[in-house]
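Before any comments, here is the structure.
The values are calculated or read from the model by the stated rules, or taken from the named source; none is laboratory data. All of these numbers come straight from a predicted model, not from anything done at the bench. Cβ placement follows ideal geometry from the backbone for every residue including glycine, while neighbour counts extend to all protein chains displayed.
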């Protein structure tokens, strides 16, 4: 076989082997594409009771006490940890809010505020905001980094979140 014949035969083999690639779509609607995030419908929990409060540490620079209402903790299929936050001032005044924390984006959202008559009032500013690590909102940063959304540790369910709160944070962070 001559050089020209071998080259032609090799070229035809390469072309024949490449034909299936022409059928491969340039863009694909595969299951691997990012789908837009969809938040699940949120229902307000029963109003928190004092005996169900789990305390958590925020900082030595505050005199407030911080609690999460145990029965309100949930972990949604949308990746949001939802909980009722109770902040008690040194004078005994309470701020109660039902909130969500989006683990993948480090955002939080207030769904409702607790009233003195033990009912909920829907939040007017009902949107996701980035968790800031400042003194005014330090409790959100602490919940995110030490309890609910610690890097490298995944909560499996609401019971996991409860255990972490009751232990005072993730064990791996305390070593």
Of everything in the stretch 100-120 that's touching a residue at least 40 places away in the same chain (Cβ under 8 Å) and over 11 Å from the mean Cα position of the chain (by Cα), which residue is nearest to residue 76 (Cα to Cα)?
111
Look at the stretch 121-141 and say how many of its residues are out of contact with any helix residue (DSSP H, G or I) (no Cβ under 7 Å at 6 or more places or on another chain), at pLDDT 90 or above and part of a loop (DSSP other than H, G, I, E, B).
4
Determine which member of the set 75, 85 is out of contact with any helix residue (DSSP H, G or I) (no Cβ under 6 Å at 6 or more places or on another chain), within 21 Å of residue 52 (Cβ to Cβ) and touching a residue at least 40 places away in the same chain (Cβ under 8 Å).
85
Is there a residue in the stretch 142-151 that is modelled with pLDDT of 90 or more, out of contact with any helix residue (DSSP H, G or I) (no Cβ under 8 Å at 6 or more places or on another chain) and surrounded by fewer than 14 Cβ atoms within 10 Å (Cβ to Cβ)?
no
Quick one: what pairs do we get from the stretch 124-138, first residue more than 19 Å from residue 104 (Cβ to Cβ), second surrounded by fewer than 13 Cβ atoms within 10 Å (Cβ to Cβ), C-beta under 7 Å, 6+ apart or different chains?
135/61; 138/59
Number of the condition not met by residue 146 [criteria: (1) closer than 17 Å to residue 80 by Cβ; (2) outside any strand (DSSP E or B)]:
(1)
Going through the stretch 65-79 in order, the residues found to be touching a strand residue (DSSP E or B) at 6+ places or on another chain (Cβ under 7 Å) and exposed (fewer than 14 other Cβ atoms within 10 Å of the Cβ) are none
Among the residues of the stretch 24-56 satisfying the criterion of being more than 16 Å from the chain's Cα centre (by Cα) and closer than 23 Å to residue 105 by Cα, which is modelled with the lowest pLDDT?
31
